[in-house]
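We did not get these values from a lab; they are worked out from the coordinates using the rules stated. As the structure is a prediction and not an experimental result, all values here were calculated from the model. Note that we place each Cβ from the backbone using ideal geometry, even for glycine, and neighbour counts take in every protein chain shown.
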Amino acid sequence: MGKDVIIACDFESAEKTFEFLDRFTDEKPFVKIGMELFYAAGPSIVREIKKRGHKIFLDLKLHDIPNTVKKSMAVLSKLDVDMTNLHAAGTIDMMKAALEGLTREDGTRPILIAVTQLTSTSEERMQNELLINASINDTIVKYAENTKAAGLDGVVCSPLEAGMVKTACGKEFITVTPGVRFADGDVGDQVRITTPQKAKEIGSDYIVVGRPITQAADPVAAYRRCVNEFVD
Ligand code: C5P
């Protein structure tokens, strides 16, 4: 499996997204479409970006009863995305149902990964509001193990957690890691961050990079810098 840089296309409209993607004339980056853009522009944005030759990670983080998730995954599978996701908190049964729904008649399917704990959830809130009496690292490892037991391909986690996930679930188990910043760049609202170079050393398979590329004065140069540090 090849390492790759995924650009988080967190734009509010199809127009702004295409304006951004039009800057890339020599390469076709792997792009992440999240809830904001999907809810604003609908499934047609996925088809259009796919038609332009990009790989797509559809980041909709499904979490519902197994039957609903299975049927929704079957719909997403028809969009021909390359990667999609759900919340591991939905249980192993929900994840197995998702995998079934996602698998096409010919046996192929997009990569399916699970969100363990959102990086915005602190250990304190998890314990006091959600009444989960464990350390956040223990829940991340347990959710990753559940994800593997359900037959999925990997998890989304902080790059700083990728090492412990690999230790628990094996090096073939995919880690997709947002929270990446250049050593000399703005941190913004991200807390548990690291550089593309360090994410590579820790063992991330895919880094998800948004603002350091989308808000850069020269987004193509910023993308190439990520690829140079992480992949090459
Ligand atoms: O702009 P930035 O590089 O912070 O973008 C990171 C992307 O990864 C955003 O789309 C954000 O929603 C997503 N993400 C994250 N942390 C998670 C899961 C997803 O930052 N735990």
State which stretch of the chain is the longest one without any exposed GluC sites (Glu not before Pro), exposure meaning a DSSP loop state and at most 13 other Cβ atoms within 10 Å. 28-104
Centroid-to-centroid separation of the stretch 143-192 and the stretch 1-39 [C-alpha atoms, Å]: 20 Å
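Determine the sum of side-chain charges near Ser13: Lys and Arg each +1, Asp and Glu each -1, restricted to other residues whose C-beta is under 10 angstrom from that of Ser13. Please list the in-between numbers first.
Values: positive: Lys16; negative: Glu12, Glu15, Glu19, Glu36.
Result for the neighbourhood of Ser13: -3.
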Across the stretch 47-58, in residue order, what do the Karplus-derived ³J(HN,Hα) couplings come to in whole Hz, using 6.51 cos²θ - 1.76 cosθ + 1.60 with θ = phi - 60° and x for Gly and Pro? 4, 5, 5, 4, 4, 6, x, 8, 7, 10, 9, 8
Using Cα pairs under 8 angstrom and six or more residues apart, how large is the relative contact order of the stretch 53-107, in percent? 47 percent
Counting other C-beta atoms within 10 Å, and keeping those with at most 11, which DSSP coil trypsin sites (Lys or Arg not before Pro) do you find in the stretch 4-49? Arg23
Built amide H within the under 5 Å cut-off of Ala8, gap 5+: Lys32, Val209, Gly210
Mind checking the stretch 143-232 for trypsin sites (Lys or Arg not before Pro) that DSSP puts in a loop (not H, G, I, E or B) and that have at most 16 other Cβ atoms within 10 Å? Lys171, Arg192
Give me a comma-separated list of calculated 3J(HN,Hα) values for the stretch 125-140, in order, Karplus coefficients 6.51, -1.76, 1.60 applied at θ = phi - 60°, integers in Hz, x for any Gly or Pro. 5, 4, 6, 7, 8, 9, 6, 9, 8, 8, 7, 5, 5, 5, 5, 4
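So what's the back-of-envelope 222 nm ellipticity for the chain, counting only DSSP H runs of four-plus at -39500 (n - 2.57) apiece and dividing by all residues, rounded to 500? Before the final figure, lay out each step's value.
On the way: 11 runs with 103 residues, N = 232.
Using -39500 (n - 2.57) per qualifying helix, the result is -12500 deg cm²/dmol.
To the nearest 20 debye, what is the magnitude of the charge dipole of the chain about its Cα centre, counting +1 on the Cβ of each Lys and Arg and -1 on the Cβ of each Asp and Glu? Before the final figure, lay out the partial values.
On the way: 29 positive and 34 negative charges, 92 e Å.
Charge dipole, the chain, about its Cα centre: 440 debye, nearest 20.
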Given contacts defined as C-alpha pairs under 8 Å and at least six residues apart, what's the relative contact order of the chain, whole-number percent? 19 percent
What is the magnitude of the charge dipole of the stretch 90-162 about its Cα centre, with +1 placed on the Cβ of each Lys and Arg, -1 on the Cβ of each Asp and Glu, and no other charges, expressed in debye to the nearest 20? 100 debye
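Estimate the FRET efficiency between Arg192 and Lys61 by the formula 1/(1 + (r/R0)^6), using the beta-carbon distance for r and 22 Å for R0, to the nearest 0.05.
Numbers: r = 18 Å, r/R0 = 0.83.
Working from the Cβ atoms, E equals 0.75.
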